1. Please compute the net charge surrounding V40, taking Lys and Arg as +1 and Asp and Glu as -1 over other residues with Cβ under 12 Å from its Cβ.
2. Label point 7 Å out from N53 along Cα-to-Cβ: which residues of the range 137-155 have amide N under 17 Å?
3. Output ³J(HN,Hα) for the range 156-164: one whole-Hz value per residue in order, computed from phi by the Karplus curve 6.51 cos²θ - 1.76 cosθ + 1.60 with θ = phi - 60°, and x for Gly and Pro.
4. How long are the three semi-axes of the equivalent ellipsoid for the range 23-121, computed from the Cα gyration tensor as the root of 5 times each eigenvalue, in whole Å, largest first?
5. Provide the gained length on full extension for the span T32 to I162, in nm with one decimal, where the gain is 0.36 nm per separating residue minus the Cα-Cα distance.
6. In the range 94-178, which GluC sites (Glu not before Pro) are in a loop and have at most 12 other Cβ atoms within 10 Å, using DSSP for the loop call?
Amino acid sequence: MTPTPAGSGPSGTRDGVGLRLPAPALRVVEATDDDAAPLVALWTACGLTRPWNDPERDIADARSTPTSTVLVGHVDGAAGAAGAGILVSGAVVGYDGHRGWLYYVAVDPAWQGRGFGRETVVAAEAWLAAQGAPKVQLMVRRTNADAVGFYQALGYTDQETIVLGRRFPVAQGGPDVG
Ligand SMILES: CC(C)(COP(=O)(O)OP(=O)(O)OC[C@H]1O[C@@H](n2cnc3c(N)ncnc32)[C@H](O)[C@@H]1OP(=O)(O)O)[C@@H](O)C(=O)NCCC(=O)NCCS
């Protein structure tokens, strides 16, 4: 997990006389090489990694095509943050020519519950719309009731479809994704 600097967090920082200052704003941008390691740490902290997936490869693959990318949310101005700030959210987006898809949406547990998840998804939707995608959708595990509640709060509805899949044998050179 991305470390939250001491004295900062979801409720903002305290100044020298103990007044609570506004919490920093989120800035969502396309990921750079420097974001890969903290993003994998974030996904790990949020329980989104799976043994059969390689998150570093997932990041590299999503950044390698013109119709997919990785978005990260940075918080600037937090105590101890330097340069691009600290990474507190992320999402993978892709347009397959028919629909836009969201994957790996996550907010650092220390920064959840203050709108950063919504801001990250809104930025992802804007990126997909700019690609020409008419629709966005995602897959969520049935056991992840919190995520379902989050997406419903953002206006997402059950598409009443069954997701079917088949893994390509690695020997065929196909992607090993789950
Ligand atoms: C799901 C997740 C991204 C939400 O991030 P967050 O920053 O805490 O969410 P926000 O504060 O932006 O919440 C946005 C809205 O969703 C609502 N919401 C959030 N969690 C909710 C829940 N469990 N049930 C109902 N509504 C919920 C909020 O009340 C808020 O509503 P509002 O904007 O109308 O006030 C975050 O909890 C997370 O990273 N979870 C672990 C990873 C995960 O499961 N990702 C989804 C993979 S499919």
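1. On the way: positive: R57; negative: D35, D54, E56, D58.
Local net charge: -3.
2. 137-148, 151
3. Couplings: 7, 10, 4, 7, 6, 10, 9, 8, 10 Hz.
4. On the way: eigenvalues 95, 42, 36 Å².
Equivalent ellipsoid semi-axes, largest first: 22, 14, 13 Å.
5. Working: separation 130, 0.36 × 130 = 46.80 nm, distance 3.46 nm.
Stretched out fully, the T32 to I162 stretch lengthens by 43.3 nm.
6. Numbers: sites: E119, E125, E160; in loops: E160.
Within the range 94-178, the qualifying GluC sites (Glu not before Pro) (loop, at most 12 other Cβ atoms within 10 Å) are E160.
Throughout, read-outs are computed from the coordinates displayed, never taken from laboratory work. This one's a predicted model, so the numbers in the text were calculated from it and none came from an experiment. FYI the Cβ positions are ideal-geometry reconstructions off the backbone, even for glycines, and counts take in every protein chain you see.
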